[in-house]
Amino acid sequence: MSTNAKQLELKDILEISSSGKLGDKDMVILDVRRPDEFGSGHVKNAKNVPVQELGQALQLTPSEFEAKYGFKLPANDSQTGVAVHCMRGTRAQMAASLLAEAEYKDNLFVYLPGWTELAGAASAQIEKL
């Protein structure tokens, strides 16, 4: 992966899911799978922006982004971290690259095992639409 994203482990993504934090750092989980995949099950408190839309989504103003996706994406210089994940890692890597191109640096995290590992290990923290 050619980004500066910090890699997360299962315990990290579960901590973020349950508390919205990693240690004392506020975090947002960004699930970059398709809406139908997200709707069939996702980690608690995750937000969905499909990787296919992320490049254009990053061009939106903060208010346009929030109106379209229903949450505030932390700014690239925010203290709030962005933790990206997908099904198995490929789309998360693509999303991390897009975020890195948009100057996300110290607040960029990626969870590469993705939903495949999460679904099997975190049944208490799974939500469906």
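The values are calculated or read from the model by the stated rules, or taken from the named source; none is laboratory data. Keep in mind the model is a prediction, meaning the values are calculated, not measured. Note that each Cβ is placed from the backbone with ideal geometry, even for glycine, and that neighbours are counted across all protein chains shown. Side chains included, ligands, DNA and RNA excluded: accessible areas come from the protein's heavy atoms. Shrake-Rupley method; radii C 1.70, N 1.55, O 1.52, S 1.80 Å.
Excluding ligands, DNA and RNA, the accessible surface per residue across the chain is 51 Å² with a 1.4 Å probe. When the charge dipole of segment 9-115 is built from unit charges on Cβ atoms (+1 for Lys and Arg, -1 for Asp and Glu) and taken about the Cα centre, the candidate among Leu54, Gly41, Ser18 whose Cα reaches farthest toward its positive end is Gly41. Of all aspartates and glutamates in the structure, those lying under 19 Å Cα to Cα from Lys21, and not within fewer than 8 positions of it along the same chain, are Glu9, Asp12, Asp31, Asp77, Asp106, Glu127. Annotation: peptides 55-64, 24-33, ranked by per-residue average of other Cβ atoms within 10 Å with the highest first, follow the order 24-33, 55-64. If you add up the charges near Ala92, with Lys and Arg at +1 and Asp and Glu at -1, over every other residue whose beta carbon is less than 10 angstrom from its beta carbon, what do you get? So the surrounding residues net to +2. Judged by the ratio a/c of the largest to the smallest principal axis of the C-alpha gyration tensor, the chain counts as rounded, that ratio being less than 1.5.
Summarising the strand pairing of the chain, around 25 percent of its internal DSSP beta bridges are antiparallel.
Here the chain exposes an accessible surface that is 48 percent carbon and sulfur, computed with a 1.4 Å probe and the other protein chains kept in place. Among the listed pairs Lys25/Lys68; Lys11/Lys47; Lys25/Lys72; Lys6/Lys47; Lys11/Lys72; Lys68/Lys105, those whose Cα-Cα separation exceeds 22 Å are Lys25/Lys68; Lys11/Lys72; Lys68/Lys105.
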